[in-house]
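As structure tokens, the structure follows; a few thoughts come after it.
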Amino acid sequence: MRLSLLPFAFLIVQAYAQKQPHLDFTRVEAEIKPYSDNRISGIVRYDFTVNSSVTSISFDAVDMEFSNVYLGTKKVTDEIEYDGKTLQLKGNLEKGKHKVTFGFVAKPKQTVYFMGWNDHLEGNDQIWTQGQGKYTSHWLPSFDDMNEKVEFDLTFHVPPKYTVISNGKLKEVKTTDTLKTWKYDMTQPMSSYLTAFAIGDFDKKVMYSASGVPIELYFEPKDSLKVEPTYRHSKAIFDFLEKEIGVAYPWQNYKQVPVQDFLYAGMENTGCTIFSNQYVVDSIAFIDKNYVNVNAHELAHQWFGNLVTEVSGKHHWLHEGFATYYAYLSEKQLFGNAHFYWKLYATAQTLNKVSGEGEGEALTDPGAGSLTFYEKGAWALVMLRERVGELTFRQGIKSYLEKYAFKNATISNFLAVMTRVAKEDLSDFREEWLENDEFPWESVKNYLASKEPSLKLFFELQEKVKDTKVTDQKLHQFFNSETPEPLKRQILFEWYQKIPDSSLAKIIQHEPLKVRQAAALAIPKIPEQMKSEFESMLSDQSYVTQEAVLFKLWEAFPANRSKYLDQLDGVVGLPNKNVRLLWLTLALVTPEYQPESKKAYFEELNGYTAEQFNFEVRQLAFQYLYQIGALSDVSLRNLIKACDHHVWQFKKSSRNLIRELNKSQEGKTRLNGIKIVLPDQEKQLLEKVITP
Ligand SMILES: [Zn+2]
């Protein structure tokens, strides 16, 4: 999966132990029926093979009730043991093929998320799953052990207005009086954590890869105009990865579904990636925030993670390091060398900093954080490819995937294949890159300098700026058409103070969008001399630029505030409504601006704290409202409810804001006042949050 906030999110690590070594579950047919009160009922039929006779079989199944349990044709009644987590069926089973069938009802507290079912809005009801780290066994009796791979054939029964998207090929859609049945069918096995479904009001656009694989791009009908920018480069990425990896895409088709309030950026469920609808963008937003990297990352997992799965969390490099690396390679293909090497430079810098603070982690440490698994993991592959050569690397990857296809593997398994193909000992690579806590900065820096001239130049500049007087450095001379944009941006971010204002003004006048943006972000206070240049950036086609420039102009030139606000009235911005929320905040605190509309602005800004909006919108609205002291009672109550949100970053920021509010006498009084009218559950939640 791709996390939205990169560093330091933790992973739940499972110990590796094949729980049922004498059993092989091969296929499950499941019928699933979700209910609007968050329950899931279903029937599962598992096929399994007994390799040497056993006296029981078990499933992971959390907080469920079971009915009609049959082993073969024999109804099982007394021989059931259940502790709320593991369902065990006792009975002597001889070597050979068997079947087990049972009904279940679950009310999952995690893994399945019901969005928009409590409001009266049309078209926003969704149900979606997140299996990795959250365990599919909360809604489907299955296996938490990644080593048990099963062919999942899922059928869903839902009200006719919804679309169901799940793993495999849609075999049949049938409507009865009240329900619509969606029958999906897989042909290959996978680990349970990759099982998924998304239900809601979705349309799709279908295209085909060069190799003929159907690629289904889902979207909500309201977003039909955003389909192209959202999914831009999808086919190119697919075709590139198939060719680069050298192994055909292993599944029947590929679907991608954007959903509301997703836990991460994206999740690579087999053939069925679910991702955050915060990546559903228009063409302007695409400049600053797009799905390209996440798109490539989740697609790469279809080989690295889904086709070949780690044996346990100790081998997580085989998933995240590989997916991150192949996503960067896809970006290199699309956006060129400078983009690729500068992006790698940025991650190397972070890794080097963390390592320098003594916080470095080894890739073989199962408790390592995401920065290590993703970014250091990608770097390890960059350096491995450099070490063994491109051809050997690609042959090694291909052999590894072929050898362990639809099975599980360890880091040693991977290295053994690569060693055999490379015909050389790779134990020094293993030591330096996989077992070493530290980040090998010097070799990384040399590598980058050797690959990308603009980085070599940048490293030289760093030395010169350190040693000599600022004025000796004619930094602005790099602002010409020869210099790649990432270097220009880096110069502005690091050394804008060393460039004279008159040169900065020229840079803003003549440079392209992203370089202007770097100036807009880097320069903290707009000098009089650059006023008109900054004003010109209000019409730049970038919501990040517009947001930064509106705020900085508003701050620096109070006499012109109304003019600036007029200019950006009606602009919404990125999916988190960055421009609109800032605009409303500034409009509210500018007394002379549209006094007759203040009430409407106040209501609009407070309105964005409601549950129907994405948590990223709500988080920003809460922050602005808090800063200007304009949280309405309804918003305050929305904030209290958000303290229990399923997205932990949002939950955390909401709790922090409540605690912050509770520090002042005025805030305390308001919270106490609202507490009286809260239902018990919210009252307890509020007390829990403010109790030190
Ligand atoms: Zn991932």
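When only the Cβ of Lys, Arg, Asp and Glu is charged (+1, +1, -1, -1), the dipole of region 452-568 relative to its Cα centre reaches about 160 debye.
Structure note, pairs 204/226; 161/235; 74/99; 577/598; 235/403: Cα-Cα distances above 21 angstrom occur for 161/235; 235/403. Relative contact order of region 561-623, taken over Cα pairs closer than 8 Å and 6 or more residues apart, is 30 percent.
Among 406, 429, 439, sorting on how many other beta-carbon atoms sit within 10 Å of each Cβ, with the fewest leading, yields 406, 429, 439. Over all other residues within a Cβ to Cβ distance under 10 Å of residue 662, the charged ones net out to +3, with Lys and Arg as +1 and Asp and Glu as -1.
Give me the dipole magnitude in Debye, nearest 20, for region 352-444 about the Cα centre, with unit charges on the beta carbon: positive for Lys and Arg, negative for Asp and Glu. Working shown, then result.
Values: 11 positive and 17 negative charges, 159 e Å.
Around 760 debye, computed over region 352-444.
A dipole drawn for the chain from +1 and -1 charges on Cβ atoms has a positive end, and of 418, 259, 479 the residue lying farthest that way is 259. Which log10 I(q)/I(0) values does region 336-451 give at q = 0.09, 0.11, 0.12 Å⁻¹ under the Debye formula, counting every alpha carbon as one identical point scatterer? Each listed q corresponds, in turn, to -0.25, -0.38, -0.45.
To the nearest 500 deg cm²/dmol, what mean residue ellipticity at 222 nm is calculated for the chain from DSSP H runs of n ≥ 4 alone, each contributing -39,500 (n - 2.57), summed and divided by the residues? It would help to have the intermediate numbers written out before the result.
On the way: 24 runs with 272 residues, N = 692.
My calculation for the chain gives -12000 deg cm²/dmol from helical runs alone.
Sorted fewest first by neighbouring Cβ atoms within 10 angstrom, 1, 537 come out as 537, 1.
Do any of 19/149; 33/149; 169/407; 33/183 go past 18 Å between their Cα atoms, and which?
Too far apart for the 18 Å limit: 33/149; 169/407.
Taken as Cα centroids, region 359-399 and region 243-313 sit 20 Å apart, rounded to the nearest whole angstrom. Over every Cα atom in region 202-302, the radius of gyration and the widest Cα-Cα span, Dmax, amount to 12.7, 38 Å.
Computing FRET efficiency as 1/(1 + (r/R0)^6) for residue 660 and residue 398, where r is the C-beta to C-beta distance and R0 is 51 Å, gives about 0.40. The separation of region 57-72 from region 543-617, counted between C-alpha centres, amounts to 54 Å.
Compute the Rg/Rh shape ratio of region 452-568: radius of gyration over Kirkwood radius, all on alpha-carbon atoms. Provide the component values of the computation, followed by the final result.
Working: Rg = 15.0 Å, Rh = 14.9 Å.
Answer for region 452-568: 1.01.
Could you tally the net charge around residue 684, taking each other residue with its Cβ under 11 Å from the Cβ of residue 684, Lys/Arg +1 and Asp/Glu -1? Net of charged neighbours comes to -1.
Give me the mean projected area, in nm² to one decimal, of the convex hull enclosing the Cα positions of the chain.
Values: hull surface 138.1 nm².
Projected over every direction and averaged, the Cα hull of the chain covers 34.5 nm².
Beyond 27 Å, what share of the Cα-Cα pairs of region 23-199 is found? Please give it as a whole percent. Of the Cα pairs, 25 percent sit more than 27 Å apart. Count charges around residue 462 for me, please; just the other residues with Cβ under 13 Å from its Cβ, Lys/Arg as +1, Asp/Glu as -1. Result for the local shell: +1. Helix 598-607 versus the longest principal axis of the chain: what angle, 0 to 90°, nearest 10, using Cα atoms? Roughly 30 degrees, rounded to the nearest 10. Evaluated with a Cβ-only charge set (Lys, Arg +1; Asp, Glu -1), the chain carries a dipole of roughly 360 debye about its Cα centre, given to the nearest 20. Look at 495, 128 and count the other Cβ atoms within 10 Å of each Cβ; fewest to most, that gives 495, 128.
As a length-normalised measure over Cα pairs under 8 Å and 6 or more apart, the relative contact order of the chain settles at 9 percent.
I'm a student and want to see the number: the projected area of the Cα convex hull of region 252-298, averaged over all directions, in nm².
Details: hull surface 13.5 nm².
Computing the convex hull of the Cα atoms and averaging its projections yields 3.4 nm².
Protection proxy ranking of 370-377, 117-124, 392-399, by the mean of other Cβ atoms within 10 Å over each peptide's residues and highest first, is 370-377, 392-399, 117-124. If contacts are Cα pairs under 8 angstrom and at least 6 residues apart, what is the relative contact order of region 309-445 in percent? Computed over region 309-445, the figure is 36 percent.
Readers should treat all values here as calculations from the given coordinates under stated rules, not as data from a laboratory. Worth saying up front: this structure is predicted, and the values here are computed from it rather than measured. Don't worry about glycine lacking a Cβ; one is built from the backbone with ideal geometry, like all the others, and counts go over all protein chains shown.
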